[in-house]
Amino acid sequence: MTASAAGEAPESESGVSGWALMLRNVNKAFEGVQALEDVSFSVRIGEIHCLAGENGCGKSTLIKIVTGVYSPDSGTEIEVFGERHASITPAQARTLGISVIWQDLALFPHMTVAENIAFDESVGLIPKFFSQGSSYRRAEKALNRLRVDLDLSASLNSLPIAKRQIVAIARALHANAKLIFMDEPTSSLTQSETDNLLRIVKTLSTEGVSVVFVSHRLAEVIEISSRLTVLRNGRLVGVYDTSDMTQTRLGSLMTGQELVSEVSARDCSGNPPVLEIEGLSRSGEYSDVSLKVRSGEIVGVIGLIGAGRTELAHSLIGMTAPDSGSLRLNGRRISPRSVRDAISAGIAYVSEDRLTLGLIQQQSISANVVITVLSKILGLMGLISPKRQGSLVSKWIDELAIQIGHPDHAVSTLSGGNQQRVVLAKWLTTSPRLLILDSPTVGVDVGARAGIFRIARKLADEGIAILLISDEVHEVHYNSDRVLHMRNGRIVWEHDPASASLSQLEARVYA
Amino acid sequence: MRRLVTGYTVELRLLAVLLAMCVCLSILSEHFLTAGNLTALLNNNAVNLIWAVGLLVVLISGGIDISFAVAASVVQYVAVYCFGALGGGNWFFGFVVCGMLGIGLGLINAYLIHSFRIISIVVTIATFNAFFGLLMFFTSGRFIYNLPSWWVDRIFIFEHQAADGTWSELNLSVAVMAACVFATWVIIAGTNVGRQIYAFGDNPEGARRAGVNIAFMQAVAFGWMGLMAGIAGLMQVNIVKEVVPNALIGRELDVLAAVVLGGARLGGGKGSILGCILGVMFVAITQNGLNLLGVSPFAFQMIIGSVILIAISTSNLSLGDAFERLPLAAAFKRRTLRR
Amino acid sequence: MNEAVAALKRRVGPETLALAGFLACLVVAFSAFSPRFLSVANFNSMAFQLPVLGLLTLAMLAPILSGGLNLAIIFTANMSGLTLAWVLIQAGGTEAGVAAFFVGCVAAVAVGATAGGLMGLVVAYTGAHPILVSLAMMIFLRGLGEFLTRGGDISGFPEFVGRIGHGSLLGIPVPLLVFGAVAFGWHVMLKYSRHGFSVYMIGSNIRASEYSGLPTARTLTLIYTLSGVLCAIAGILMVSRFNSVRVGHGEALLLVTVLACFLGGVDPFGGFGRVAPVAVALVILQVLSSGLNLLGANQHLSTAVWGLFLILVMVLRHMLSRARIFLKKRKEI
């Protein structure tokens, strides 16, 4: 077997021999559009490899070719475990041991863990009896291989996302997968969950199972994999060893632009406080939280998922009520009981979950922008005035430079970055004094992220107080004036990006 | 044991309520726990239960069917002519003919749903109107009493004379019902096809990616519903000894309420035979109990309606799954898939 | 010319235009086959028949837009009619005065609103499935009605009540006027009021609506209440048209209202749908039924044709959307 392909990194790992997958000259055009052009991609047996690139770079097209969803154009060479194929059918991919864990996991929420893991043995048109007991035993075996203990009879929808992911991996193993693609596996995991996932993936790797991470989150990409392949606009940028890769370099490889990360922190201690939280607690979520956000200040709140940061935000916008403590906005005591209370008090909340909570995807851009301020667009007899609605919407579309076709088009037609701007527009219409940004860059391309933070900085300059919640250390360090570290529902540390370094913060958060 | 508790919360609650009801009724009425009453209960609900298990399969697969009761009437009429052409027919032909006709009607629904990506509620409301309108048009609403004797003769599978001389018996429809329930149970709980129907109802996109043949699953679910509708139509004639075109219309919603009460989830992926039986029997025993207690028959429906209303309100309050509160939208959203 | 069509399309929606075009074809075809189709008598009979189904369809429309369904509309209408009948009979039956009629109407609307509001509360606060809630309500109201009337008819109302159902004002049948007014009000409510806006948003995504500060529970409760009010108006109209009340009257219309909504392009998942195309769809159904009637067919054939017609429309829509996706793909390249 030949071990050289275009752009190959030198063989560095010991004890790894042979290739799980070798693709050469992959071409795929969709009705004239070249989705992939002369891409080569290879994965060693037992390797943890990363496939990186922005949305639309051809990552998913590549996976779909490997798994047989698409057939490649002529000239493509596919070699799976040493066997040559012109193209692969989905059934072939399965028997060859290629398996994909999609971002949405494609599991069955009302089935048990065991039923999910063993599901694939049921697929087929030929009726046959199946025995619950034996499928339970096989499911248990798959979990044992991962050295994970899960309640086999628990209903899947009672598990947190991280455990569901483990179920998905076990399901792939149960189907004898030898090459597993994981599509954005960590996008909704906390750091510790990600670490756990990584541990499991390493277990797999020692058993000779190859894993390909498909991701656009930079930090983990570097941390997890041994090699990475970068795609941009359907072409191969290169194959790199992760040992000498930095986030900044990877970012510029993915986008093709030099990304500069500069600490933007400034001293706002002279400004009047907008939000003052005093000893706020809610049992099981967060306790004794005290913080201040001043006018024009961006305060970052860093914490792993489950640290209580989103829960704190939910109390600020009136979705839940705190058990004790006080909230002050512009010096006035408030206790919002509903989102509407919070809006009228001057609080806006950009949710972490843009797809299901932040926007109503099927509805028009226009409707999504005005949804928070219906009372501002009323005309004759208290009815909604289409004219006022139109002018308000076009004002914000201009202001935030949102790229849209027509305000009446559905929000779902926009890219992630533009959708996030629509969310911002929707909240800025309420003229908030405090803007809470909860993980604002989830699902937004690296290139478009800077734009979101530029807007945030501009808003701060206009006097809005901003609370930036995130689990990406990098993001809060470079974009906030102060960073509060939250752990187990408490604020445990304050970090000053101007005087302390990123690695100091990282060390604390990931400790 | 824990699996039993967590997996069947609705069923266990219903069972507990049902048992409590039975205990109360047997104390309040000496007639309740008599062989005569219990067999009558089964005889009277056999047809509903046959429909119910068919509907259960459709609900698990994520669909809904409004047209089955009308389909059963259509089957009855067409079957009369088929038996005429076959020179009278017999039970064997009866099952074959009615079963095939029912499956055919079910497959019409499945075809429209799958091929044109129309959601099942729209399709079955349309076919409900089409089936019923055509049936009434072609039959002009005529009743048929002149039926083959094998079809209308009573067949008892169990007879028993109590000490006081009253007879209690189970008729053929109960045996057929038991067979239908058993067959449905085998399919959904014991075969890979059942697994795939659950999976398809639970997460159609996930099932499709796993290689489940979605067209086939739709066909099985609606075909099975059709088969059950056809068989129920056949047995209904055996019970009432006549064919009336508009006798069954309207019962579809009552059966639907009973099945959903038994824990089947509108939206798919969840539901069990046990729950289905309990749901139907819950409604039946409520009615039976009210009857025995001397409540005016006109009040039955009112009380049953309020009981269901209370049941769903409280079950959702206590078991509230906040993420499942999105009503019809979530329930049927995922039915129309890209290929 | 093209611009005019485009402007019209934007104003009334593409759905309305297509349906109206189909309606025109239908009218031409029927008038070619039956000379009586284009007669005043036929139009009058249609104008008197349409409003009851129309009001019930509007009552069904709003809950569907909010992502639900209201299966209890017929029996809500029956119960409201029963309330009116009870008040009239208490006030002396055929001797009852206009005041009694008004009191009866207010009571009927109150009953309709209560039935609807109760459903709305259960749907909004327990999160139970609207199909199930309204189904239980339907069974309950049917039982209640049967319990109160013992399954019989109630009749014997003052003569002027019948005039509302059969009379005309300025040459336009009164029921049609009622329907027109309600449809216009419904249109304004859905398209221009804050409440209507919320209904559409909730129909698409209730949690996102909640996170955007919309009063979701209040909106759901209110929309089912209003649906109940519309049922009550339909119930009053039924009393005045048939001069009697029977529980179960109009039962066959239940699924026809759903059919009319879907025909009018209402999204079965909620969030999308308008009054105008639904109204056109209603006229189409009425024309189909009256036209077939004139050609010698009975109501049952019309029912069948309605069902087949819905299937046809859905199939055509599916094919159109596929063609559109195909064309869009080609254009992008």
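The values are calculated or read from the model by the stated rules, or taken from the named source; none is laboratory data. All of these numbers come straight from a predicted model, not from anything done at the bench. Here the Cβ is made from the backbone with ideal geometry for all residues, glycine too, and neighbour counts use every protein chain on show. Remember, those area values only see protein heavy atoms, side chains included, never the ligands or the DNA or RNA. Shrake-Rupley method; radii C 1.70, N 1.55, O 1.52, S 1.80 Å.
Of note:
- When the surface is traced with a 1.4 Å probe over the full set of protein chains, A:Phe30 keeps roughly 80 Å² accessible.
- Stokes-Einstein D (µm²/s) once Rh is taken as the Kirkwood radius of segment B:136-176 over alpha-carbon pairs, at 37 °C in 0.692 mPa s: 250 µm²/s
- Amide H partners (placed H, <5 Å) of A:Gly238, local residues excluded: A:Val230
- Max mean-square fluctuation residue, GNM over chain C, Cα-Cα springs under 10 Å, options C:Gly264, C:Gly156, C:Gly127: C:Gly127
- Residue of C:Gly296, C:Gly162, C:Gly21 that the Gaussian network model of chain C assigns the largest fluctuation, springs spanning Cα pairs under 10 Å: C:Gly296
- Across A:Lys64/A:Lys178; A:Lys376/A:Lys458; A:Lys64/A:Lys163; A:Lys59/A:Lys163; A:Lys292/A:Lys426; A:Lys28/A:Lys64, pairs whose alpha-carbon gap is larger than 19 Å: A:Lys376/A:Lys458; A:Lys64/A:Lys163; A:Lys59/A:Lys163; A:Lys292/A:Lys426
- Using θ = phi - 60° and Karplus 6.51 cos²θ - 1.76 cosθ + 1.60, couplings along segment C:23-32 (whole Hz; Gly, Pro as x): 4, 4, 4, 4, 4, 4, 4, 5, 5, 5
- When the surface is traced with a 1.4 Å probe over the full set of protein chains, A:Ser503 keeps roughly 70 Å² accessible.
- Dipole axis of segment A:106-263 (+1 Lys, Arg; -1 Asp, Glu on Cβ), positive-most option in A:Ser243, A:Ala177, A:Phe213: A:Ala177
- Residue-averaged 222 nm ellipticity for chain C, from DSSP H runs of 4+ at -39500 (n - 2.57), nearest 500: -26500 deg cm²/dmol
- When accessible surface is computed with a 1.4 Å probe, chains C and B are found to bury approximately 4900 Å² between them, both chains counted.
- Cβ-placed point charges (K, R +1; D, E -1), dipole of the protein assembly as shown about Cα centre in debye, nearest 20: 1880 debye
- In terms of its C-alpha gyration tensor, segment A:349-483 comes out prolate, because a/c is 1.5 or above and the ratio a/b outweighs b/c.
- Most simply put, the protein assembly as shown has about 60% antiparallel DSSP beta bridges, counting only bridges with both residues inside it.
- C:Ser134, A:Ser283, reordered so the largest accessible area comes first (probe 1.4 Å): A:Ser283, C:Ser134
- Segment A:Arg454-A:Lys292, length gained on full extension (0.36 nm per residue, minus Cα span): 56.1 nm
- For segment C:255-333, the spherically averaged projection of the C-alpha convex hull amounts to 6.4 nm².
- At least 20 Å² accessible surface lost relative to isolated chain, residues of segment B:102-118 (1.4 Å probe): B:Leu112, B:Phe116, B:Ile118
- Rg ratio (alpha-carbon, reference 2.2 N^0.38 Å) - chain C: 1.04
- Applying a DSSP loop filter and a limit of 12 other Cβ atoms within 10 Å to the GluC sites (Glu not before Pro) in segment A:24-119 leaves A:Glu31.
- 16 Å reach of a label modelled at A:Ala500, 7 Å along Cα-to-Cβ, counting backbone N of segment A:304-325: A:304
- Altogether, the Stokes-Einstein calculation at 20 °C and 1.002 mPa s, with the Kirkwood radius of segment A:96-157 over Cα pairs as Rh, returns a diffusion coefficient of 168 µm²/s.
- Membrane-span-like helices of chain B, defined as complete DSSP H segments with a Cα extent of 24 Å or more along the helix axis and a mean Kyte hydropathy of at least -1.0, are identified as B:9-28, B:35-60, B:68-85, B:91-116, B:120-139, B:172-190, B:214-240, B:273-292, B:297-319.
- Coil-residue GluC sites (Glu not before Pro) of segment A:450-511, DSSP, other Cβ within 10 Å capped at 10: A:Glu462
- Mean separation of Cα pairs under 8 Å and 6 or more residues apart, divided by the residue count, gives chain A a relative contact order of 15 percent.
- Ordered from highest to lowest accessible area with the whole protein assembly present and a 1.4 Å probe, A:Arg482, A:Arg454, A:Arg249 read as A:Arg454, A:Arg249, A:Arg482.
- Once A binds B, the 1.4 Å probe can no longer reach about 2300 Å² of accessible area, counting both sides.
- Complex-versus-alone comparison for segment C:289-307, residues with a loss of 10 Å² or more in accessible area, probe 1.4 Å: C:Asn298, C:His300, C:Leu301, C:Thr303, C:Ala304, C:Gly307
- Each Cα pair under 8 Å and six or more residues apart adds its sequence gap; the mean of these over the residue count of chain B is a relative contact order of 33 percent.
- If you wrap the tightest convex hull around every Cα atom of the protein assembly as shown and split its volume per residue, you get 204 Å³.
- B:Phe138 - accessible surface, heavy atoms, 1.4 Å probe, Å² rounded to 10: 140 Å²
- For chain A, adding -39500 (n - 2.57) for each run of n ≥ 4 DSSP H residues and dividing by the number of residues yields -9000 deg cm²/dmol at 222 nm.
- In this label model, B:Phe138 and A:Ser335 are separated by 7.0 nm, measuring between points 7 Å along each Cα→Cβ vector.
- The overall shape of segment A:73-231, judged from the alpha-carbon gyration tensor, is oblate: a/c is not under 1.5, and a/b is no greater than b/c.
- By accessible area with a 1.4 Å probe, ligands and nucleic acids excluded, highest first: order of A:Lys141, A:Lys28, A:Lys395, B:Lys270: A:Lys141, A:Lys395, B:Lys270, A:Lys28
- DSSP beta bridge pairing in chain A, given as percent antiparallel to the nearest 5: 55 percent
- Share of carbon and sulfur in the accessible area of the protein assembly as shown stands at 60%, probe radius 1.4 Å.
- In a reduced charge model with +1 at each Lys and Arg Cβ and -1 at each Asp and Glu Cβ, segment C:214-333 shows a dipole moment near 580 debye about its Cα centre.
- Accessible area that becomes buried as C packs against A, both chains, 1.4 Å probe, Å², nearest 100: 2300 Å²
- Burial annotation for segment A:326-344: residues with an accessible-area loss of at least 40 Å² between the isolated chain and the complete set of protein chains, computed on heavy atoms with a 1.4 Å probe, are A:Arg340.
- Length released on extending from A:Ser269 to A:Leu378, taking residue separation times 0.36 nm less the Cα-Cα span: 35.3 nm
- For the protein assembly as shown: accessible area per residue (Å², 1.4 Å): 39 Å²
- Put simply, the amide H of A:Thr76, placed in the peptide plane, has neighbours under 5 Å in A:Asn27, leaving out anything fewer than 5 places away on its chain.
- For A:Tyr70, the amide hydrogen comes within under 5 Å of the amide hydrogens of A:Ile65, counting only partners 5 or more places away or on other chains and with H modelled in the peptide plane.
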